[in-house]
Amino acid sequence: NSYETMVYVSWATVCGGLLFARRSVVTFALATLLGGIVLFVSGLNWMDPQITPLVPVLKSPWLMFHVAVIVAAYGFFGIGCLLGLTNLLLMAVSGRRNVKVLKVRIAELSILNEMTLWVGLAFMTVGTFLGAVWASESWGRYWGWDPKETWALITLLVYSAPLHAQSLPWFRSQRNYRIYSLVALACLAMTYWGV
């Protein structure tokens, strides 16, 4: 249910932050902050924490693999969003006095932002394929263009675009890349909560 996946998103986010903790303490701090916010939201009264049995069509081991991998991707995309926001804030406050120090930090966070998006995209791709296998087992078809499947594909394509920065000149600008990593989270939210 929603409560369980929110708790798992929080766990995956903090684990993703631990993965990058050696390279950047800021990334771990942002991941921990996001994990805490997600846990806070999951603890609000509008989500039912009671675990109920699954309907028979959902009782498949492929469901567990699919959901675990997809939701782990959500954690990495959340870290990428916060890194993009932090990078934009650092770009906004960099002045003549602190430009050298912030330039190094911005470059570091830019690399980490791209790395988190790559990891999230890898998880999202594998999770989408696992979802197709699960759909084939449960419903006898790999793809049916229902709203959840369609938005998962849209999210996959949206997060694929900035990772092809060499062929798409708009993404060569650091500012555009960071803004896109923020806006792309809206597509992820639509996939998770909207459908």
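Listed values, structure above:
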| quantity | calculated |
| --- | --- |
| Flag for Leu121 being more than 16 Å from Ala21 (Cα to Cα), surrounded by fewer than 20 Cβ atoms within 10 Å (Cβ to Cβ) and not basic (Lys, Arg) | no |
| Residue selected from region 175-195 under the condition closer than 16 Å to Trp118 by Cα and of a type outside the set (Lys, Arg), by the criterion surrounded by the most Cβ atoms within 10 Å (Cβ to Cβ) | Ser181 |
| Qualifying position, being modelled with pLDDT under 85 and among the hydrophobic types (A, V, I, L, M, F, W, C), among Val119, Val195, Val104, Val126 | Val195 |
| Within region 137-152, tally of residues that are under 23 Å from the mean Cα position of the chain (by Cα), part of a loop (DSSP other than H, G, I, E, B) and either of a type in the set (A, V, I, L, M) or within 15 Å of His66 (Cβ to Cβ) (or both) | 2 |
| Options Leu30, Leu39, Leu63, Leu54; residue that is over 30 Å from Ala135 (Cβ atoms), of a type in the set (A, V, I, L, M) and surrounded by fewer than 19 Cβ atoms within 10 Å (Cβ to Cβ) | Leu39 |
| Scope region 163-186; condition in a helix (DSSP H, G or I) and of a type in the set (S, T, N, Q); matching residues | Gln174, Asn176, Ser181 |
| Matching residues in region 94-118 - criterion: being among the small types (Gly, Ala, Ser) and either surrounded by fewer than 16 Cβ atoms within 10 Å (Cβ to Cβ) or touching a residue at least 24 places away in the same chain (Cβ under 8 Å) (or both) | Gly95, Ala107, Ser110 |
| Those residues of region 124-160 which are free of Cβ contacts under 8 Å to residues at least 24 places away in the same chain and open to solvent by 40 Å² or more (accessible area, probe 1.4 Å), in sequence order | Phe129, Gly140, Arg141, Tyr142, Trp143, Trp145, Asp146, Leu157 |
| Pair list, Cβ < 8 Å and 6+ apart or interchain, from region 15-43 residues that are under 15 Å from Thr5 (Cβ atoms) to residues that are open to solvent by 60 Å² or more (accessible area, probe 1.4 Å) and hydrophobic (A, V, I, L, M, F, W, C) | Gly35/Trp11 |
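The values are calculated or read from the model by the stated rules, or taken from the named source; none is laboratory data. Model, not experiment: these values are computed from the prediction. No Cβ is skipped: glycine too gets one built from the backbone with ideal geometry, and neighbour counts run over all protein chains shown. These accessible areas exclude ligands, DNA and RNA; they are computed on the full protein's heavy atoms, side chains included. Shrake-Rupley method; radii C 1.70, N 1.55, O 1.52, S 1.80 Å.
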